Amino acid sequence: MDVTDARVEINETKESLAQARAGDAAAFCRLTEPLQTRLLRQAAALSGDLSAADDLVAETLVEAWKSLARYDESCRFSTWLYAILLHRCQKWARRARTRPVSLARLPIFERDDLTARQENVPSLEPSPAEDAARNENSALLRDCLERLPEKHREIILLRFFEDASLPDMARILGCPVGTVKSRLHHALEKLRKIKMNRDDARGDTQI
């Protein structure tokens, strides 16, 4: 995308945002539709439950529509949506702890379903070999993320999937920027160790 295309996209986004704030539901759909696949993946990564992820995304969009007047454009619209999603996921997790675990939440079921959903998302990669490698790497990253504690998984998703700035992350998580930096450092270190342990385990099984 060149500079001219980027400016056009920004202007169209601002126009749709203004229309949505005026009560235009179609404009709100134009704003959020390109973000829904990413939101679904983030919700699945946070909750570990694909069926719950669909509901969490729907709840996020409803809440965003109702509270659109509070969006002050101090961060990207997608980051603001992610903050809402994160709060919905935290509430869902608290409720889920009081309920029995269903078969749908077992990792083997969730992983298969999530992979199938992601494979149906149109890909821009021209090479089947590159696409296969990308899917394998995505599956590896998903598996490693699932092994992180919740607070570390959240920080990784915000920084590297949402590309949120440190100040935005601090606002979303309700903590100082220094705490965000420290948590991000520990999250990356844990992720590195998880990957190393997983690679070592794979090597043992191949001997």
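Data for the structure
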read-out	value
Rounded, prolate or oblate (a/c below 1.5 giving rounded, otherwise prolate when a/b exceeds b/c) for region 9-60 by Cα gyration tensor	prolate
Gain on full stretching of the segment that runs from R94 to S51 - 0.36 nm per residue minus C-alpha separation	13.8 nm
23 Å Cα-Cα reach of K91 towards lysines, excluding residues that sit fewer than 8 places from it in its own chain	K66, K151
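Quick note: the coordinates plus some simple rules give every number you see, no bench work behind them. For clarity, every value in this text was computed on a predicted model and none was experimentally measured.
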